[in-house]
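Reviewing the structure listed below.
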Amino acid sequence: MHLFELTRALVDIESTTNHEKNVGDYLFACLSALAGESNGQVQRISAEPNRDNVFASWGEPVVTLSTHMDTVPPYFASSEDDQFIFGRGACDAKGIIAAMVTAAERLLAAGTRNFGLLLLVGEERN
């Protein structure tokens, strides 16, 4: 998926702290598809009921990129103009997640297999 499309898709999923399940499910599916195409693995790591961290890896990670999936309230959906994407999480941290997934796709296309992505719940509040 294109970087900006992925950013908007993530921003459009409400994920204020304690409500990360839908964005976690979306990212688990997205990363599972990527892992399936490139011999990676994806796992959910339970933090609390209905609140899972997501870890994707390829090979034995030497580097793991990490950020959080939750946002502060209030939720509002994405919009954009000629220069910017707006919405809760556009720059912290859903835009970061989109950049990390895009970087992972490019690393995998170049043959790199020694990294991971760790996406966390609860950074904003707990």
Here are some conditions: (1) of a type in the set (Ser, Thr, Tyr); (2) closer than 16 Å to Ala9 by Cβ; (3) within 17 Å of the chain's Cα centre (by Cα). Thr64 meets all but one. Which one does it not meet?
(2)
Reported set for segment 88-101 where residues are part of a loop (DSSP other than H, G, I, E, B) and not small (Gly, Ala, Ser) is Arg88, Cys91, Asp92
Would a scan of segment 73-86 turn up a residue that is part of a strand (DSSP E or B), surrounded by 15 or more Cβ atoms within 10 Å (Cβ to Cβ), on the phi < 0 side of the Ramachandran plot and touching a residue at least 24 places away in the same chain (Cβ under 8 Å)?
yes
Give the residues of segment 90-101 that are open to solvent by 10 Å² or more (accessible area, probe 1.4 Å) and farther than 16 Å from His2 by Cα, sorted by residue number.
Cys91, Asp92
Pick from segment 50-72 the residues that are in a loop (DSSP other than H, G, I, E, B), within 28 Å of Asn39 (Cβ to Cβ) and not charged (D, E, K, R): which of them is most open to solvent (accessible area, probe 1.4 Å)?
Val62
Looking only at segment 102-118, count how many residues are open to solvent by less than 40 Å² (accessible area, probe 1.4 Å) and either part of a loop (DSSP other than H, G, I, E, B) or in contact with a helix residue (DSSP H, G or I) (Cβ under 6 Å, 6 or more places away or on another chain) (or both).
3
(1) open to solvent by 80 Å² or more (accessible area, probe 1.4 Å); (2) in contact with a helix residue (DSSP H, G or I) (Cβ under 9 Å, 6 or more places away or on another chain) all hold for Ser15 apart from (1)
Just give me the residues in segment 99-118 being free of Cβ contacts under 8 Å to residues at least 12 places away in the same chain and not aliphatic (A, V, I, L, M), in sequence order.
Arg106, Gly111
Determine, yes or no, whether Arg44 is assigned to a helix (DSSP H, G or I), modelled with pLDDT of 95 or more and open to solvent by 20 Å² or more (accessible area, probe 1.4 Å).
no
Out of curiosity, is Ile13 outside any strand (DSSP E or B) and at negative phi?
yes
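The values are calculated or read from the model by the stated rules, or taken from the named source; none is laboratory data. This is a predicted model, so every value here is computed, not measured. In this analysis, Cβ positions are derived from the backbone assuming ideal geometry, glycine residues included, and neighbour counts consider all displayed protein chains. In case anyone asks, the SASA skips ligands and DNA or RNA and just uses the protein heavy atoms, side chains included. Shrake-Rupley method; radii C 1.70, N 1.55, O 1.52, S 1.80 Å.
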